[in-house]
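Trainee: Quick one: this structure, given as structure tokens, is what I'll be asking you about.
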Amino acid sequence: MTKHVAVLLGGWSAEREVSLASGKACGAALEGEGYKVTYIDVDRDLAIRLAEVKPDVVFNALHGPYGEDGTVQGMLEIMGLPYTHSGVLASALAMHKAHSRTIFKAAGIPIADGKVVHRLTAAESHVFPPPYVLKPEAEGSSVGVFIVREDQAHPPQELFSSDWKYGDHVLAERYVAGKELTCAVMGNVALGVIDVVPTQGFYDYAAKYVPGGSKHVLPAEIKPNVYQEVQKLALKAHRALGCRGVSRADFRYDDRAEGTTGLVCLEVNTQPGMTETSLVPEMAAHAGHSFGDLVRWMVEDASCNR
């Protein structure tokens, strides 16, 4: 019998457009694999929509708050609908950067020096000697991220704005110069390591999603011991958080440091971008999995109690 897959996409987070692109690409690939697909642009009536559609499996292509932080996952658990990606707790922990840092530290995964501060405190004076990074506690796709450079006399004044919509607390981290590395985990296997080289500036929202915003070097041109350490740490972070299905861990690597001491883990994405040109499908293809193979594996891996 043909499985009926409901693809959740869109939503109302700052990453809505990315989610729409991911969901449409995954849905099309699933149709190509022979599944019946219903697309649901997520709104507050999601439970009603799912009860009407009655899918066998839910493919979660949402990004950002509500879709990626355990909220939707909890609703799907209550409804008894098998779903892709990580479960409630792992999703919540990974989305909240300060909490995931605590888990990483306990697991022996290297992190940059950092602390959580109120956004107004961060706007008043430097919380670290520049350079450092300020980021929302619980957003993805580099939304709301500032790199405070050495020549900046004042912190980002945008943090004072009444229009600021990313929460009252921000994570401040020491800036780690060097390479932006990323590694996906598929089940219990770490895939290849990509060196993400932004065309200009840092790996922000535009570099991630605007065509030509970045170049992906796969396999990353780094020493074999560093490459293997990134893979080992990506799998370790995936397991430490309790992730399931597919995840992607992001790292900074100061290649001036000795051995692997320049590596720090920034975060784990439990709902990474899933267009055909996104990082995870690219790493999967490098490992011999077509985009159709990847999404089919994700659907067949779906379950409750994740």
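Trainee: If each residue of separation counts as 0.36 nm, what is the full-extension length gain between residue 304 and residue 4 once their alpha-carbon separation is subtracted?
Mentor: Stretched out fully, the residue 304 to residue 4 stretch lengthens by 106.4 nm.
Trainee: Here is a follow-up. To the nearest 500 deg cm²/dmol, what mean residue ellipticity at 222 nm is calculated for the chain from DSSP H runs of n ≥ 4 alone, each contributing -39,500 (n - 2.57), summed and divided by the residues?
Mentor: -9500 deg cm²/dmol, from helical runs alone.
Trainee: Taking a probe of 1.4 angstrom, what is the accessible area of residue 43 in Å², to the nearest 10?
Mentor: Roughly 90 Å² of residue 43 is accessible to a 1.4 Å probe.
Trainee: Could you name the lysines whose alpha carbon sits less than 20 Å from that of residue 24, not counting residues in the same chain fewer than 8 places away?
Mentor: Straight-line reach from residue 24, under 20 Å: 3, 36, 54, 208.
Trainee: Is region 14-166 best put as rounded, prolate or oblate by its Cα gyration tensor, with a ≥ b ≥ c the root eigenvalues, rounded for a/c under 1.5, and otherwise prolate when a/b is larger than b/c, oblate when not?
Mentor: Verdict is prolate for region 14-166.
Trainee: Could I ask something else about it? Along its principal axes, what span do the Cα atoms of the chain show, with the longest given first and each in whole Å?
Mentor: Over the chain, Cα extents along the principal axes are 62, 47, 37 Å.
Trainee: Could I ask something else about it? Taking only Cα atoms of region 12-82, what ratio of Rg to Rh do you get with Rh as the Kirkwood inverse-distance radius?
Mentor: Here the Rg-to-Rh quotient is 0.94.
Trainee: Now, a different point. For region 164-306, what class follows from the C-alpha gyration tensor (a ≥ b ≥ c being the square roots of its eigenvalues): rounded when a/c is under 1.5, otherwise prolate if a/b is larger than b/c, else oblate?
Mentor: It is rounded, given that a/c, with a ≥ b ≥ c, falls under 1.5.
Trainee: Accessible area per residue for the chain in Å², computed with a 1.4 Å probe and the full protein assembly in place, what is it?
Mentor: On a per-residue basis, the chain sits at 43 Å².
Trainee: For a test of the definition: using alpha carbon positions, the gyration tensor, and the 1.5 limit on a/c, classify region 86-171 as rounded, prolate or oblate.
Mentor: Oblate shape, in that a/c is at least 1.5 and b/c is the bigger or equal ratio.
Trainee: Can you send over the solvent-accessible area of residue 215, 1.4 Å probe, protein chains only, in Å² to the nearest 10?
Mentor: Ignoring ligands and nucleic acids, residue 215 comes out at about 120 Å².
Trainee: Can you tell me the length gained on complete extension of the stretch residue 149 to residue 223, counting 0.36 nm per residue apart and subtracting the Cα distance?
Mentor: Gain on stretching residue 149 to residue 223: 23.8 nm.
Trainee: When the accessible area of region 1-153 is computed with all protein chains present and a 1.4 Å probe, what percentage of it is carbon and sulfur?
Mentor: 56
Trainee: Note the full-extension length gain between residue 215 and residue 261 as 0.36 nm times their separation in residues minus their Cα-Cα distance, in nm to one decimal.
Mentor: 14.1 nm
The values are calculated or read from the model by the stated rules, or taken from the named source; none is laboratory data. Values in this document were obtained by computation on a predicted structure and should not be read as measured data. Quick note on the areas: whole protein, heavy atoms, side chains included, nothing else; ligands and nucleic acids left out. Shrake-Rupley method; radii C 1.70, N 1.55, O 1.52, S 1.80 Å.
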